[in-house]
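Take a look at the structure set out below.
The values are calculated or read from the model by the stated rules, or taken from the named source; none is laboratory data. Small disclaimer: the values here were computed from a predicted structure and weren't measured. Note: ideal-geometry Cβ built from the backbone for every residue, glycine included; neighbour counts use all protein chains shown.
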Amino acid sequence: MDSIENQFSNQQLFINLLPDYRAVDFEPISKKKLTKSVYQISIGLVIFLVGWGILFYLIPLHWSVFLGLVVILFLFSFSYFNAYLLQPRYGYALREKDIIYRRGYLVSKTTVIPFNRIQHVSISRGIFDKALNISTLKIFTAGGQGSDVSIPGLLPDLAVKLKEAVAQKLSVEEDE
């Protein structure tokens, strides 16, 4: 019984001694992510304007048709503004024991994923990603539904290097 008690340890951690994740120098993602966002918003705007144009010719003129146009144009303008504000806030950092991903400007969200929680890592590229030569790194953890973290706007070579670095860390964690 005495040997079991000596093996178990559960020391108290002092929060002020833990490393601060905010002190990390985050790596920015590619500016091509902003271009992708602008393309996606613009396609939505064009589809909306075509639909509005069809409605304009099919229904009798009414002030609500123009009010709807103004409201939707305002929302699309906000979407463009949002994309420009978000771009510099995306960032990631690879550390010795974890990977960190930061995003958001009004509501900033930082996710820290320890390597020992990662199940697997994948790279995805959609139509716009292929056209703009960017990739998204997806990190999956135990018990998560879908990817827990998706880091968009990475150059393909960088995404592969990050995936390999994480995979190497995973194999080191399994060996220990």
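Of all residues in the range 114-158, those being more than 15 Å from Thr35 (Cβ to Cβ) and in a helix (DSSP H, G or I) number 6.
The set of residues from the range 81-96 being surrounded by 15 or more Cβ atoms within 10 Å (Cβ to Cβ) and part of a helix (DSSP H, G or I) comprises Ala83, Leu86, Gln87, Arg89.
In the set Gly44, Gly68, only one residue is small (Gly, Ala, Ser) and either more than 30 Å from Arg89 (Cα to Cα) or in the same structural domain as Pro156 (by TED's automatic domain parsing) (or both); that residue is Gly68. Entry remark, the range 48-70: residues being exposed (fewer than 14 other Cβ atoms within 10 Å of the Cβ) and at pLDDT 90 or above number 2 in total. Does Tyr21 satisfy being of a type in the set (Ser, Thr, Tyr), surrounded by 11 or more Cβ atoms within 10 Å (Cβ to Cβ) and modelled with pLDDT of 85 or more? Taking the combined requirement at face value, the residue does not satisfy it.
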